[in-house]
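We did not get these values from a lab; they are worked out from the coordinates using the rules stated. Please read all numbers here as calculations on a predicted model, not as lab measurements. As a convention, Cβ positions derive from the backbone with ideal geometry for all residues, glycine included, and neighbour counts pool all protein chains shown.
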């Protein structure tokens, strides 16, 4: 019987597979474990990035919705002023009958938007998600309307 190198290699692999204590088998298991850990780490990073992206999209969507709702309030304030000889309401609550239903609330505070009346008009304000004046980026950027429209 002639034994070839391919036969020897096959027998060697069988011997490694049968001997759980062989250094080659332990080395192979370590390599597989390291590859598995690295793959799980890559998947975890990709999931984290995806969730982060989705959360930012939701935050931006909330900011845009708030901007739209404040624009509707601004229009109702101007209609109120036209109907009341150029005078704006003392509070946003006074606007409810003109608005035609409950006023939208500030999603970041849960209360009314900031409103102040002046001799020449009004200011309607939302401080954004950080609830601090300023903010360069959406959703932290302030949203401010006056009688002329949104301030940039």
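Distance between Cα centroids, segment 81-152 to segment 41-73: provide it in whole Å.
With segment 81-152 and segment 41-73 each reduced to a Cα centre, they are spaced 23 Å.
So how far apart, in nm, are the two label points at residue 28 and residue 42 if each is 7 Å from Cα heading toward Cβ?
The answer from the label model is 2.2 nm.
Looking at the chain as a GNM with Cα springs under 10 Å, which of 98, 33, 68 has the largest mean-square fluctuation?
Most flexible of the set in this elastic network: 33.
Each label point is 7 Å from the Cα along the Cα-to-Cβ direction; what then is the distance between the points at residue 64 and residue 52, in nm?
Using points 7 Å along Cα→Cβ, the separation is 2.2 nm.
Taking the Cα atoms only, what angle lies between the long axis of helix 5-18 and the longest principal axis of the chain, rounded to 10 degrees?
Result, in degrees: 60.
Choose one answer from 72, 24, 59: the residue with the largest mean-square fluctuation in a GNM of the chain with alpha-carbon springs under 10 Å.
Comparing 72, 24, 59 in the GNM, the peak value goes to 24.
What does the C-alpha gyration tensor say about the overall shape of segment 94-138? Classify as rounded when a/c is under 1.5, otherwise prolate if a/b is larger than b/c, or oblate.
oblate
At 4 °C and 1.567 mPa s, grab the translational diffusion coefficient of segment 5-150 from Stokes-Einstein with a Kirkwood Rh over Cα pairs, rounded to a whole number in µm² per second.
D = 64 µm²/s.
Tell me the relative contact order for segment 5-150 as a rounded percent, counting alpha carbon contacts under 8 Å between residues six or more apart.
16
With springs connecting C-alpha atoms under 10 Å apart, model the chain as a Gaussian network and identify which of 136, 90, 57 has the largest mean-square fluctuation.
Between 136, 90, 57, it is 136 that shows the largest mean-square fluctuation.
Just subtract the alpha-carbon distance of residue 150 and residue 109 from 0.36 nm times their residue separation and send over the number in nm, one decimal.
Result: 12.7 nm gained on full extension.
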